[in-house]
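Below is one structure; the comments refer to it alone.
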Amino acid sequence: TNRISDINPNDIESVTVLKGPEATALYGSQASSGAMIITLRKAKSNKLAIQYDNAFRVEKVTRFPEKYDAYQNGTNGVFSPIYRYFGQPYPENTRLFNNTEAFFRPGFAQTHNLGMDFGVKNSIFRVSGSIFDQKGVISENTFKRINFRISNTTKIGDKIDIIPSLAYVNSQNNKVLRSAGGFMLSLLVWPNTNSILDYEDENGGKIPLFNANPNADVDNPFFSVNKNQSRDVTDRYTASLGVNI
């Protein structure tokens with residue numbers, strides 16, 4: 001993920017796109033190609049106000065490549081231990097595994113946002129927090145983000161506004177190895193007489209499966225996502241101070 005994902009979408013008030021000279025005049029040469037200005041929400045009045053909202057999303061993989069599983073390994077009707085099609089028809093009552101659909105699981109994501117506005121006279125505050133928790137359609141693939149932000153607007157006389165803010169975000173991104181060429185290719189290559197779920201021995205080691213090359217076993221996506229894990233953990237603090245005259 002890039003760091004724009006640290007922003008709580010519920011805190012965004014507006015997004016402005018600046019092009020060319022306008023962006024360069026405000027933000028220098030780094031904005032010569034343009035800039036996207038994200039304005040975050042702040043309190044509108046000193047009256048106490050509390051906001052809460054949530055969202056839930058369910059995900060499911062519903063479409064898979066069509067395949068024909070009536071024949072065993074081989075070529076031109078002749079059986080071969082190498083994974084090719086088409087050999088002889090499978091004997092009656094042969095157990096076949098749907099490894100493609102077995103690999104994916106239902107995904108679920110939930111978001112909870114809480115905000116509060118309050119203040120005293122010419123000084124108003126906004127406090128907001130958010131939790132986003134997502135479980136992907138692939139085993140061990142999860143993302144969780146916790147946001148907290150407090151901002152203040154203080155008027156000094158009629159012409160000066162002081163606007164400080166402090167934000168904190170913690171994100172945990174559990175990523176998965178995509179296999180050689182991607183999950184789907186590895187799933188389709190895997191023989192349907194062998195369960196892809198049976199990927200480790202009693203000692204936790206990988207059960208190898210070889211094709212034509214005895215020195216290179218077939219990649220098992222289940223082993224990859226469960227045993228070769230990658231994780232990003234980010235703690236980010238952001239402070240800003242604005243003075244409007």
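The values are calculated or read from the model by the stated rules, or taken from the named source; none is laboratory data. None of these values were measured; they are calculated from a predicted model. As a convention, Cβ positions derive from the backbone with ideal geometry for all residues, glycine included, and neighbour counts pool all protein chains shown. Quick note on the areas: whole protein, heavy atoms, side chains included, nothing else; ligands and nucleic acids left out. Shrake-Rupley method; radii C 1.70, N 1.55, O 1.52, S 1.80 Å.
Ignoring any ligand, DNA or RNA, what whole percent of the accessible area of the stretch 110-245 comes from carbon and sulfur when the probe is 1.4 angstrom? Answer for the stretch 110-245: carbon and sulfur cover 55 percent of the accessible area. By definition, a body whose alpha carbon gyration tensor gives a ≥ b ≥ c is prolate when a/c is 1.5 or more and a/b is larger than b/c, and the stretch 105-194 fits this prolate description. Within 12 Å, Cβ to Cβ, of Gln134, how many net charges do the neighbouring residues add up to if Lys/Arg are +1 and Asp/Glu are -1? Residues close to Gln134 contribute a combined charge of +2. Radius of gyration over Kirkwood radius for the chain, both on Cα atoms: the Rg/Rh ratio is 1.19.
For Leu166 and Lys60, what is the calculated FRET efficiency with R₀ set at 41 Å and r taken between the beta-carbons, to the nearest 0.05? Computed FRET efficiency for Leu166 and Lys60: 0.55.
Less than 5 angstrom separates the built amide H of Leu209 from those of Val218, all sequence-distant by 5 or more or on a different chain. Listed peptides 199-205, 164-170 appear in the order 164-170, 199-205 once ranked by packing, highest mean of other Cβ atoms within 10 Å at the front.
When Lys206, Lys144, Lys121 are compared by accessible surface with a 1.4 Å probe, the order from highest to lowest is Lys121, Lys144, Lys206. Bridging of Lys44 to lysines at a Cα separation below 16 Å is possible for Lys121, Lys155, once same-chain residues fewer than 8 apart are set aside. Kindly identify the stretch 89-133 as rounded, prolate or oblate by the Cα gyration tensor criterion: order the square roots of the eigenvalues as a ≥ b ≥ c, call it rounded if a/c is under 1.5, otherwise compare a/b with b/c, prolate if a/b is larger, else oblate. Prolate, because a/c is 1.5 or more and a/b exceeds b/c. Rounded to the nearest 10 Å², what accessible area does Arg57 have for a 1.4 Å probe in the complete protein model? Arg57 exposes around 110 Å² with every protein chain in place. As a rough guide to protection, the peptides 28-34, 108-114 ranked by mean Cβ packing within 10 Å, highest first, stand as 108-114, 28-34.
The packing ranking of peptides 75-87, 147-159, highest mean first, is 147-159, 75-87, where packing means the average number of other beta carbon atoms within 10 angstrom of each residue. Shape of the stretch 7-116 from its Cα gyration tensor (a ≥ b ≥ c, root eigenvalues): rounded if a/c is under 1.5, otherwise prolate when a/b > b/c, or oblate? Because a/c hits 1.5 or more and a/b fails to exceed b/c, the stretch 7-116 counts as oblate.
Under 5 Å between amide hydrogens, built in the peptide plane, is the criterion, and for Leu40 it picks out Glu13 among residues at least 5 positions away or on other chains.
Cut-off under 14 Å on the C-alpha distance; same-chain residues fewer than 8 positions from Lys135 excluded. Which aspartates and glutamates are left, in chain and number order? Straight-distance partners of Lys135: Glu59.
Normalised by the number of residues in the chain, the average gap of Cα pairs under 8 Å and 6 or more apart makes the relative contact order 17 percent. Listed by chain and number, the aspartates and glutamates placed with their C-alpha closer than 12 angstrom to that of Lys206 are Asp198, Asp217, Asp219; residues fewer than eight positions away on the same chain are left out.
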